[in-house]
Amino acid sequence: MELQMEPTAPAAKQKRLRWGTGGKHLLLILLCLFAIFPIYWMVISSFKGAGEIFNNSLLPSSWSLENYTYAMEAIDIVGMTANTLVMALSQTILQLCTAVMAAYALTRWDFAGSKLIYALFSLTWLVPFQAIMIPNYTTIVGMGFRDSLMGVIVPNMASAFAILSLYPSFKSFPKALIEAGVMDKMSACGVLFKLILPNIKSSIVSLGILLFINSWNDYFWPALIISQGQTTLQLGLRSFMSAELTSWGPLMAASVLASLPILILYLIIQKQVIQSFVKWGIK
Amino acid sequence: MKKLLTLLLAAAMTASFAGCTTTNANDQASSKGETASGEKKEITFLTYNLSIASQKDAVQELIDTFNAQSDTVQVTGVQTDVASLQTKVQSDYVAGNTFDVVQVGLNSVDYYVENYALSAFEDIAGQEAYDQHMEGFAEKAQTLGTYTDGKTYVLPYTFSTPMLYYNKDLFEKAGLDPEQPPKTWEEVKTYGVALKDSGTEGIQITATGDGTDWLIQAMIYSNGGEVLSEDKKTILFGEQPAVDAISVWQDLVLSGAHSNYTDTEAMEAFMAGNQGMLVVSAAMESGLISSAEAGGWELGAAGLPSFGDKEAVPTNSGSGLCIMSQDEEKAKAAWEFIQFVTSEEGYTIITSKMGYLPLRPAIIDDEKYLKSWAEEHPFVRTNLEQLERLHKWVGFPGLNSGQIATALNQAVTECIFSDKDVEAVMKQAQSEAQDLLPN
């Protein structure tokens, strides 16, 4: 009996393993389909004519480019993409710069009020945007930045979230290494750029990706500041929706075109994007 | 300590800088629009239609046509989406950059008069010139933008009333006469049940989401009720006529004649040809017509159904224009522009290209304006007939007006999609809303 069992035991285990792996794969495939379906629906809806935009067919009965033609004529998608890229890239770079400087200063030197400043940063993160919107607006209008990308970018040059996110990375950097650098007559900037930054590169890149996606999706502040001219993509997409009616076909076509740059970017750096979402625990 | 002092000093400087910027903003506002004599007066027009892809060309056409005609005024359109409108007006008002002409919801006349220094049209234009301009304007629409002092602060601009749209093909399939749409809510119930029995959906009154209280009000007025007393001090939507109207609506849902959809789902089902009837703003009409054409089915339209032999009383959704400019010359320039957009020529563009009602009804029989368009769009006549029985879309007073409208919306939704006691729910909502009214 035992002799009979021995050869079958690993086989049964292997079989169980196969089923276990198969089950996992099946679950993953289902989750993938679940995630991909909205994108698939956006793409096929963009090719559907007005008559079938509300039906449930998985493919258009006839492929039509009229939504794309309409969307391209109705809004300046290329110009808006360029504006959004400028806005998102500038905000990301500036927020990273200010966050690196602030986190470095707060962790490197013990100065009077450093804890207070850190607490203030934490507090500003908790203040809802709606509470500071109007004072921000009056200040930006006073600076003459109304209706310009500068007006969108300037109040977003520093981010409390970015500072607080980088602070632990700086804090946990070994003090002994910094002291060694100082003994080697490295300047404060030298320590930052030659010693610390190369070692926490991955944290900065992943934070940058998050900041970029946040800026890219920003709607409310640009909607307040920009009334004419340098409109961003998110405002452009909104123009297909009104209280009365949403033009789903053109909206989907514009969404496909608008998501292309970010999709391409995602395909290039998808590993880092996933890492950054896991690292900062944000969905 | 020294460093702390430096920080405090920096904070003080920032605060004073903020003060300076307000002054700068005011300077900027006052200098804007001032032009040398002989040049055109520049004014701004804040409008949400400019942010809607399907309407922006028509608004721009209105602005461009006016600019080409006027020797004295130059208008620049400024866009905002409808959800950000109030925030934008408020922010710019605080920043001292008030827009000269602003498109506002017709239910928010009191809010704008009470919170911004609006001037009445009668004062800006002079009573005689104002009266002269309003000749030929739909009579019932003339008072929609008046405040309690009897003066007009908001002039109706884009405007529509609720209509009953139906799918003639689905009517035939259900054995109903497509040329005899229901006229009363009792008939609506019979038709709705027949449609449901034929395997499709019956009716949907699209007033189950936020911001649809205008249509709920139409239901209540049609049954002889009111939502607010004339002195604006008592909420009345929990009183018997209102309760009875909502009970009829609840019965439509419980009997299966009314679909169990959200408004958006019902709109989409109707446009896909799967919903028999829809009570909705006539502003949707162009979208419904194109969906019917694309889907190969025939669209029918009728007026708002009535409760028995009481006459149906529609309300209006839509917007009006107000003048926010404090500068007398700019206010006059704004009036010149508003006269144009609410003229026969203005309404020809508004109706034919944006889909709103012509508030100068005579132009649909005038060859120079909309006669040929009206022949191709016969529903406009049904819609205009309703104007004669129009009741003002009442905005609730005070800073909690939005909350009161939401309370009404939620109470009605709670009633119609359940078998709860309508009187109890509406009375409770009435009492809560009463507490939100200003003392």
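Over all alpha-carbon pairs in segment B:136-249, figure out the percentage whose distance exceeds 21 Å.
54 percent
Please report, in cubic angstrom per residue, the volume enclosed by the convex hull of the alpha-carbon atoms of segment A:171-283.
163 Å³
Determine the equivalent ellipsoid of segment B:45-88 by diagonalising the alpha-carbon gyration tensor, then write out the semi-axes as square roots of 5 times the eigenvalues, largest first, rounded to whole Å.
Semi-axes (√(5λ), whole Å): 22, 13, 4.
Fewest first, what order do A:Leu27, A:Leu89 take by the number of other Cβ atoms within 10 Å?
Sorted ascending by nearby Cβ count, the order is A:Leu27, A:Leu89.
Volume per residue, Å³, of the convex hull around the alpha-carbon atoms of segment A:76-238?
129 Å³
Set the bar at 18 Å for Cα to Cα. Now go through A:Lys171/A:Lys201; B:Lys40/B:Lys330; B:Lys140/B:Lys353; B:Lys151/B:Lys392 and name every pair that lies beyond it.
Long pairs (Cα-Cα over 18 Å): B:Lys140/B:Lys353.
Against the empirical 2.2 N^0.38 Å scaling, what ratio does the C-alpha Rg of the protein assembly as shown come to?
Its radius of gyration relative to the 2.2 N^0.38 Å reference: 1.14.
Translational diffusion coefficient, Stokes-Einstein: compute it for segment B:40-113 using the Kirkwood radius over C-alpha pairs as Rh, at 20 °C and 1.002 mPa s, and state it as an integer in µm² s⁻¹.
After rounding, the answer is 163 µm²/s.
What's the long-distance tail for segment A:2-67, i.e. % of Cα pairs beyond 21 Å?
55 percent
Within 10 Å of each residue's Cβ, count the other Cβ atoms and sort B:Cys415, A:Cys32, A:Cys97 from fewest upward.
Ascending number of Cβ neighbours within 10 Å: A:Cys32, A:Cys97, B:Cys415.
Over chain A, what number does the Rg to Rh ratio reach, with both radii from the alpha-carbon atoms and Rh per Kirkwood?
Expressed as Rg/Rh, it is 1.11.
Which value, in Å to one decimal place, does the Kirkwood hydrodynamic radius take for segment A:20-106 when every pair of different Cα atoms is included?
It works out to 17.4 Å.
In whole Å, what three semi-axes, largest first, describe the equivalent ellipsoid of chain B built from its Cα gyration tensor (square root of 5 times each eigenvalue)?
41, 28, 20
Need one number: the % of Cα-Cα pairs in segment B:307-432 sitting beyond the 26 Å mark.
Value for segment B:307-432 (Cα pairs over 26 Å): 49 percent.
Considering every pair of different Cα atoms, what Kirkwood radius, in Å, is found for segment B:199-298?
Here the Kirkwood hydrodynamic radius works out to 14.8 Å.
Just so you know, all these numbers are worked out from the coordinates, no wet-lab data involved. Quantities reported herein were computed from a predicted structural model and do not represent experimental measurements. For neighbour counting, all protein chains shown are included, and Cβ atoms are generated from backbone atoms with ideal geometry for every residue, glycine included.
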